[in-house]
Structure formats: structure tokens, C-alpha cells
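The values are calculated or read from the model by the stated rules, or taken from the named source; none is laboratory data. Note that the structure is a prediction, hence the values are computed from the model and not measured. Neighbour counts run over all protein chains shown; Cβ positions are idealised from the backbone, glycine included.
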Amino acid sequence: MGVPAAALGGCKMSEASAEGEEHGPATGTSAREREVSLVVDAQATADGAGVKLRRAIGTRALSMVDPFLLLDEMHSDRPEDYAAGFPTHPHRGFETVTYVLDGAVDHRDSLGNHGHLGSGSVQWMTAGRGIVHSEMPTHEDGKTSLWGFQLWVNLPASQKMVKPRYQDLAAGRVSEVTLVDASVRLVAGEAGGVRGPVTGIVTAPAMLDVKIPKKGRFAHALPEGHNAFAYVIGGAAEIGPSRTLVREGQVAVLGPGTLAAARSTDGARMLLVAARPIGEPVARSGPFVMNTDEELKQAWEDYRTGRLVQD
């Protein structure tokens with residue numbers, strides 16, 4: 001079963017109003033800081049043609065946080081851990097988000113689209129009715145390191161068969177803002193009066209890459225009703241009013257509230273991700289995510305007979 005965060009309540013609060021309060025939301029507002037409802041360790045695994053990675057969402061312990069279906073982290077300075085990549089494979093019914101911090105990923109699909117995602121870049125791909133593509137990690141500038149993430153975001157039934165599209169965003173297009181003490185790369189959503197470059201996504205996601213300095217704090221308002229999680233990718237952060245300690249390689253599902261807040265003694269880096277939940281049945285089989293088993297069977301049949309991808 002999935003592990004959706006609980007329904008959220010309260011009203012939105014600006015980051016500026018959080019800055020003056022030592023322990024969270026400023027007094028005199030109705031914003032409520034979100035507690036951590038669950039902490040789960042990412043699991044070591046392999047996928048694709050043998051790429052070694054850590055899976056934070058999409059495991060037995062945390063199968064999903066609606067609408068998020070999967071979160072994988074690739075982090076190695078050994079090319080043999082990732083060079084085999086993710087050769088040609090199909091998708092239907094959801095979106096993939098590839099975020100590269102270091103190294104690169106080359107992308108190519110069956111319609112002739114191709115691109116190179118370098119350090120700091122993002123690709124938000126809406127697979128919709130179907131795409132067949134490959135994603136091949138590599139390294140750059142004589143280095144051997146690769147550090148990147150892939151997030152799967154579900155689509156509602158009404159959007160599962162839309163035409164595929166890509167939003168390929170070079171590093172320079174990702175907005176940067178300061179929230180309280182933290183420096184933030186804003187991939188999607190709005191923060192500090194700035195809007196991230198990803199647009200037109202039905203679940204209205206927020207995706208922030210947050211760096212909290214030593215003895216620093218961070219706060220960000222999230223819409224009522226959106227589910228959220230934080231995945232710590234460096235150091236350790238104390239999240240929520242109870243200051244739940246979340247270490248590198250752990251994902252924290254956030255409970256009800258309208259403000260995500262964290263602090264760190266020695267510095268931390270985390271991905272904060274939120275979106276409107278879909279609340280529909282989820283049927284999954286490998287690279288396909290639909291609403292029913294019959295739709296999954298049709299997806300496999302379309303792939304086998306060459307009807308998955310349409311011009």
C-alpha cells in the first residue's frame with residue numbers, strides 16, 4: 001500500500017514572516033508548521049542495465065507519497081556503477097523528472113528527440129500516452145563523478161493519454177533564491193517572489209534544492225492540501241516543530257500544516273518536494289502507471305505491437 005501524507009490544513013504564509021520567529025511560524029499568523037510523520041531510509045538497489053542507486057520512494061517501506069511514485073538517487077565516482085545506464089525502454093501514464101547535480105545524462109527517444117543534461121540541469125518529461133526512450137549517465141570535464149536524481153510523478157486519469165512533452169532546462173534557467181538562511185535552487189513552484197522554470201504541470205508541484213548553512217534555518221510555505229516530503233542528500237536536518245533529526249539518505253514524509261521548516265547544526269542539503277495529491281487508484285507494472293489492470297494490459301499490448309508511440 002502507498003503511504004500518502006495526511007490531508008493538510010491551515011492557510012499560506014510567506015517565507016519572510018517566518019524569518020523573525022526562532023521556532024517556526026511568526027506569532028499572529030494561522031500558519032502551522034508541518035511535523036514529520038514518517039522517516040524512511042533509502043534502500044540500495046540497482047535498475048536499468050545495472051545502475052547502482054539508492055531508492056527513497058518506491059520501496060516496501062514507502063511505496064508512494066501521492067502523487068510521487070518513485071525517487072532514485074545516483075551518486076558515485078565509479079563509472080562502472082552507472083555507465084550501463086537505462087537503455088531503450090517505454091513509459092506511459094506519468095511524468096519523469098531528472099535532476100543532475102554533477103556529471104551528465106544523455107537522453108534520446110524514438111521520435112528523434114535528444115538532449116544532453118549537464119550539471120545543474122533538469123528535464124521534466126510528461127510521458128502521457130507513451131514514449132520510448134533511453135537515458136545514459138556519463139561524466140564531464142575529465143571527472144568520473146555522477147550525482148543525480150529521478151522522480152516519478154503520477155498523472156490523473158484525465159491526463160494519462162496526453163501528448164508527450166519535454167521541458168529541458170539548462171542549469172542557468174533554474175532560479176536561485178534565499179529563504180531565511182538557506183540558499184535554494186527552485187526547480188518548480190514559487191518561493192521568495194520567484195517562480196521556478198517548470199510550468200504547466202497538472203499537480204502544481206514544488207521542487208526545491210535547499211542548502212542550509214551551519215546553525216542555519218529554512219522555511220517555506222506550502223499550499224493547503226498538498227502532500228510533501230524532504231529527502232536529505234547531505235548532512236543532517238532537524239525538521240518540523242519537534243525538530244525530528246533526518247540524516248543523509250533518509251526521506252521524511254511531512255504531515256498536515258502550511259509551513260515546511262528545518263534547521264541544521266552542521267549544515268544540510270535536502271530536496272523538498274510537494275504537490276497536489278491525485279487520490280485515484282494506482283495500477284503499476286514496470287514502466288507503466290495507469291488506473292486499472294486492464295489499462296496496464298493495453299499499455300503492454302500497445303508496446304508489443306508498436307502502437308505505444310504516436311507521431
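Residues in the stretch 33-58 that are assigned to a loop (DSSP other than H, G, I, E, B) and under 22 Å from Thr203 (Cα atoms) were compared, and the one that is nearest to the chain's Cα centre (by Cα) is Gly58. Among the residues of the stretch 112-124, is any in a strand (DSSP E or B), touching a residue at least 60 places away in the same chain (Cβ under 8 Å) and farther than 27 Å from Ser175 by Cα? No - not one qualifying residue is present in the stretch 112-124. For the stretch 79-111, taking the residues that are part of a strand (DSSP E or B) and touching a helix residue (DSSP H, G or I) at 6+ places or on another chain (Cβ under 9 Å), the one that is surrounded by the most Cβ atoms within 10 Å (Cβ to Cβ) is identified as Arg92.
For the stretch 211-226, the set of residues classified as closer than 16 Å to Ala31 by Cα and either under 17 Å from the mean Cα position of the chain (by Cα) or not aromatic (Phe, Trp, Tyr) (or both) consists of Ala219, His220, Ala221, Leu222, Pro223, Glu224, Gly225, His226, listed by residue number. Per the conditions (1) under 20 Å from His116 (Cβ atoms); (2) out of contact with any Ser or Thr (no Cβ under 7 Å at 6 or more places or on another chain); (3) among the charged types (D, E, K, R), the sole criterion not satisfied by Asp102 is (2). Condition first: at pLDDT 95 or above, in a loop (DSSP other than H, G, I, E, B) and farther than 21 Å from Thr96 by Cα. Can you find one or more residues in the stretch 198-214 that meet it? Yes, there is a match, as at least one residue in the stretch 198-214 is at pLDDT 95 or above, in a loop (DSSP other than H, G, I, E, B) and farther than 21 Å from Thr96 by Cα. The residues of the stretch 170-198 include none that are surrounded by fewer than 15 Cβ atoms within 10 Å (Cβ to Cβ) and closer than 30 Å to Arg284 by Cβ. Based on what the data block shows, is Gly257 in a loop (DSSP other than H, G, I, E, B) and on the phi > 0 side of the Ramachandran plot? Considered against the rule, which asks whether it is in a loop (DSSP other than H, G, I, E, B) and on the phi > 0 side of the Ramachandran plot, Gly257 comes out as yes. Residues that are of a type in the set (Gly, Ala, Ser), surrounded by 14 or more Cβ atoms within 10 Å (Cβ to Cβ) and in a loop (DSSP other than H, G, I, E, B) within the stretch 139-169 comprise just one, Ser145. Going by the structure shown, is Val253 under 20 Å from the mean Cα position of the chain (by Cα) and surrounded by 21 or more Cβ atoms within 10 Å (Cβ to Cβ)? In short, yes. The lone criterion from (1) over 16 Å from Ala42 (Cα atoms); (2) touching a strand residue (DSSP E or B) at 6+ places or on another chain (Cβ under 7 Å); (3) surrounded by fewer than 18 Cβ atoms within 10 Å (Cβ to Cβ) left unmet by Gly225 is number (2).
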